[in-house]
Every structure is written in structure tokens, then in C-alpha cells.
1. Rounded to whole Å, give me the distance from the Cα center of region 65-99 to that of region 181-246.
2. Calculate how large, on average over all directions, the projected area of the Cα convex hull of region 1-112 is; give the answer in nm² to one decimal.
3. How much length, in nm to one decimal, is gained on full extension between His235 and Asp73, taken as 0.36 nm per residue of separation minus their Cα-Cα distance?
4. I'd like the Karplus ³J(HN,Hα) series for region 155-171: coefficients 6.51, -1.76, 1.60, θ = phi - 60°, whole numbers in Hz, and an x wherever there's a Gly or Pro.
5. Once you put a point 7 Å from the Cα of Lys221 and another 7 Å from the Cα of Gln24, both along the Cβ direction, what distance in nm separates them?
6. I'd like the FRET efficiency for Thr117 and Leu83, computed as 1/(1 + (r/R0)^6) with the beta carbon distance as r and R0 of 45 Å, rounded to 0.05.
7. Work out from phi, with θ = phi - 60° and the Karplus expression 6.51 cos²θ - 1.76 cosθ + 1.60, the ³J(HN,Hα) of each residue of region 47-59, listed in order in whole Hz, and give x for Gly and Pro.
8. Take the Cα coordinates of region 107-207, assign each an equal point scatterer, and use the Debye formula without solvent to give log10 I(q)/I(0) at q = 0.11, 0.18, 0.24 Å⁻¹.
Amino acid sequence: MGANSPDLGNLALSKVVEVGIASQLDVVEEIDVDLRTDPGNLIQGKVNSIEISGKGLVVKQDLRMETIQINTDSVSIDPLRALLGSIELTQPTDAEARIVLTEIDINRALNSDYIRTKFHGLQMEMDGQPVTIDIQSANLDLPGENKFVIASTFSMRESNETKNFTATAAPEIHEDGNRISLEILAAEGQGLTLKLVTVIFEQLTNLLDLRNFDIPGMTLKLHKLEAQAGKLVIHAHSQIEKLPTM
């Protein structure tokens, strides 16, 4: 393969983007960028497509993405910068993204110190009396059929009692396209109140806000959600204004 091989050029530019993306993330297990073009198009500032795939990425809120896949259409870039080994978009480009979150990783984030601080000292009423609630644990089960099941243990400070409840909800796409909302289908347990269930579900939907998965220069808008057995699959439209580079 010659020194001027277009494959080597594509590989070099792909590596620049890989390193740039990795530098913006808290944790990266694997990241791969496949930039496809040819010398003629590159001179004109055109890239046929870019495919970004990653595994074990953490952007915010300690929430790990099992996998992420982003595929662009054609991309317009600054040809001079490309010849110098850098990528600069001359106009935003659209892409499609697919993110997979596992039940295990969602629960790890849901029980992180950051979220747990929001579960303590909750003021509400039970049986007409004001009480202070500390949620000890919240566990998400993804049984499939587009359902979320939350099992939680909580304590009441005034009586020092510990109680449990379980709630089932169906996820829906929120109108802003950034996050999901949850329709409560059923709930049962001791000392159960709508506010208690709502508090946990609010933190879960905040955790799954797509803005937590934005890589600098890339924004996501949710258009399809699949709650499958053991995992949550997010399909989103992405607009890329800038590709991270070192």
C-alpha cells in the first residue's frame, strides 16, 4: 500500500476523530470511527459518510452506554484542514444514532451517590400525617414488552418503619424529544403514595435524558424507544455541528 493510499488517509482522519471523542468522555472502553471518502472528494471537502461506534462510554451522571452507533450522511468539511490532518465541518450534518443501555448499568447509576442524595429527606403525607421519607434502594427491572418495573425500599423517620413497593410503567417519548415520560400502569405496596412513586420515576427519567448522552458538538433527539428484556434501546436523530478533535 503506497504512502498516498486513500485508505491510509481515511484511517488517519478517522483516528483523529476517535482521539477527539475519547478526550470528551469520562470512560471509554472501545471507540471506532470509520470515515469514508476518496482523494477526489476530499479535495472538494466532501466525505461520503462517517460511522462512529463505541462500547462502554460514560458521558454524564455515571450512566454507562453498553453500545452506541452513529451513522452520518455525506459530510462537508474544510479540505485544507483535512489535508493537514484535522476535521472541521463547514456545515452541520444529520445522522442516526442507536444507544443500548443495560438494566445493570441503569441500576448502577440509579443507586449512585448522585441520585441517592435526591432520595433522602422527602416530605410528604401518609394517612393524613406529614412524614419524612428516605428511599433506601430503587431497582429497575426490564421484563420486555415495553415496560419498566421499579421495586423500592424506603423508611419513615418518624416511625422508623421500613416498607416496600413495586410499580409498573410504560415509557413514552416526551414532546421535547430529549427525554422519556412514564405512564404508571400499576403500583402496590405498603404506605404507597403517588408522590413517592413519582419521585423515583422523575429521577429515572432525568437520568435517561438524552442530553446526558450528548458528545460535545453532537445533539440527540429521541424518536423511538424499545424497552426490551434486560436492556433499553434508544433510537435518536443526531445533528453534528462539530467533530471533537484534539
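1. 25 Å
2. Averaging across all directions leaves 7.6 nm² for the Cα convex hull.
3. Gain in length upon complete extension: 56.7 nm.
4. 10, 10, 5, 5, 9, 6, 8, 10, 9, 10, 8, 10, 9, 10, 9, 10, x
5. Taking the simple label geometry, Lys221 and Gln24 are separated by 1.8 nm.
6. The pair Thr117/Leu83 has a calculated efficiency of 0.35.
7. Result, rounded to whole Hz: 10, 4, 6, 10, 10, 10, 10, x, 9, x, 9, 10, 9.
8. The Debye formula, applied to the Cα set alone, gives -0.32, -0.85, -1.38.
All of the numbers you see were taken from the coordinates with simple rules; none came from a lab. Everything quoted here is computed from the prediction, not taken from an experiment. Neighbour counts are summed over all protein chains in view; Cβ atoms, including those assigned to glycine, are modelled from backbone coordinates with ideal geometry.
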